[in-house]
Amino acid sequence: MITMPNDANFDDILESMKSVMKCSGRVYMHFAKATIERFGREGEMTVRHGLRAYGLFRGLEMRAAHHAMGREINMETLLRCWDNASTYVIKDDTEDNGTYEPTYVRFDVNYCAAAEAWKDAEFFQWGHVYCDEFHQAAASSYHPDGNVVIPQNLMKGDDHCHFQWIMPPEAEALELGAPSELGKKLAKDYQPSSDLEEAWLSLKRTTRLIGGQYFTLAKALIERHGDGGREVIAEALTEWGRERGALLRKAHEEAGIDISLESFIRHHDLPLTLVCDTREVEASPGHLVAEIGYTPQDDGWADNNVQDLGTLWYEVAYPAMVAAYLPGATATWTSLFARGDAVSRLEMTAPG
């Protein structure tokens, strides 16, 4: 299991949180666009089904983890132990200005990394759909009486989002029995031993979720559209990879980082060096091979028996990303997790 690097620091972790959440927002954006473009109104329904499945996935995982921690399953626990780094980033605002009670939680969100990415792409309507569909599915799967109201939303042109998480005061306590093995495993990522580890664990959980968002959207496409849905998955992953590569190159240029295969790994948009087991095993001018062992997203795919979709993620998105980051470069990802091996390999070759 991965542990926090000795050189981890708050600034790098916080920046990585924002990067991962923007990447996640763009996963959804590209899947929604490709799905609706291909299937029209039926595609709109598929996007909504995928978002509800994503909310179900997260609500049930949080409930299992919180139950294993011995916490009461209510709205206060849900938001104080939220899985995504979004609440960590705004923690000071919500703790100072929010209300936290077992059946009623309210707070404002003035910064949202995903909303920033969606605004840049003018992805307002379906960004709003995301907020409505996902959050309600997460609340009601966490507790059957859980609800969320979002009367103000950044994707509707408001200057902040306003959340109210509610459940009836008379709601019965859930009888969940003994904690599951999955719950006990996930619970460890909510129990830091220091402030720095709290931030690092939040980043680790968020990285798991980008894989969860992908596989729930992908499964909805396959279940509703069969082979046509599989084609859309590949289209969305390709466009997402291209955009990631172009944005990563722009970020490196602005930061004065050399555009190289080494920089692609060492200054990646996902935290390969913070919460993943990554090693550069072969390096020569214009050629780099990296081995990637444990990653949070691979762990989530294994827990949900969707390693085949994880393999597709890597094999389609990464060649597109590398080519956009360094035009003319090629990449091959050999994902071995589905075969029971503990390592995948990313082999990249620069042009010339």
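Worth pointing out:
- Complete set of residues in the range 277-334 that are out of contact with any helix residue (DSSP H, G or I) (no Cβ under 8 Å at 6 or more places or on another chain), farther than 29 Å from GLU231 by Cβ and not β-branched (Val, Ile, Thr): ASP277, ARG279, GLU282, SER284, PRO285, GLU291, GLY293, TYR294
- Where a residue in the range 1-26 is touching a residue at least 12 places away in the same chain (Cβ under 8 Å) and over 23 Å from PHE124 (Cβ atoms) and its partner, wherever it lies, is among the hydroxyl-bearing types (Ser, Thr, Tyr) and assigned to a helix (DSSP H, G or I), with Cβ under 7 Å and at least six apart: MET17/TYR88; MET17/SER202; MET17/THR206
- Considering residues of the range 257-282 that are surrounded by fewer than 19 Cβ atoms within 10 Å (Cβ to Cβ) and in a strand (DSSP E or B) only, the residue nearest to the chain's Cα centre (by Cα): ARG279
- If you go through the range 113-156 and keep only what is within 18 Å of ALA32 (Cα to Cα) and assigned to a loop (DSSP other than H, G, I, E, B), you end up with ALA121, GLU122, PHE123.
- Among the residues making up the range 323-344, a single one is assigned to a helix (DSSP H, G or I), modelled with pLDDT of 90 or more and of a type in the set (Phe, Trp, Tyr): TYR325.
- Cβ pairs under 8 Å, 6+ apart, first in the range 163-186 and in contact (Cβ under 8 Å) with a residue 24 or more places away in the chain and surrounded by fewer than 16 Cβ atoms within 10 Å (Cβ to Cβ), second assigned to a strand (DSSP E or B) and β-branched (Val, Ile, Thr): GLN164/VAL105; GLN164/VAL148; GLN164/VAL149; GLN164/ILE150
- Only one of the numbered conditions (1) modelled with pLDDT under 95; (2) at positive phi is violated by ALA173, and that is (2).
- Contact annotation: residue pairs with Cβ atoms under 7 Å, 6 or more positions apart or on different chains, pairing a residue in the range 77-93 that is over 19 Å from HIS160 (Cα atoms) with a partner that is aromatic (Phe, Trp, Tyr) and crowded, with 19+ Cβ neighbours inside 10 Å, are LEU78/TYR142; LEU78/TRP165; CYS81/TYR190.
- Restricting GLU291, GLU347 to those that are charged (D, E, K, R), in a strand (DSSP E or B) and farther than 30 Å from ASP189 by Cα reduces the list to GLU347.
- Residues of the range 266-307 satisfying the condition of being closer than 19 Å to ARG249 by Cβ and without any contact (Cβ under 8 Å) to a residue 40 or more places away in the chain: ARG266, HIS267, HIS268, LEU272
- Residues in the range 298-325 that are more than 18 Å from the chain's Cα centre (by Cα), of a type in the set (A, V, I, L, M) and buried (at least 23 other Cβ atoms within 10 Å of the Cβ): VAL322 alone.
- The set of residues in the range 92-145 being basic (Lys, Arg) and either more than 19 Å from the chain's Cα centre (by Cα) or crowded, with 22+ Cβ neighbours inside 10 Å (or both) consists of ARG106 alone.
The values are calculated or read from the model by the stated rules, or taken from the named source; none is laboratory data. Predicted model, so just to flag it, every value in this text is computed and none were measured. So basically every Cβ, Gly included, is an ideal-geometry build from the backbone, and we count neighbours across all protein chains shown.
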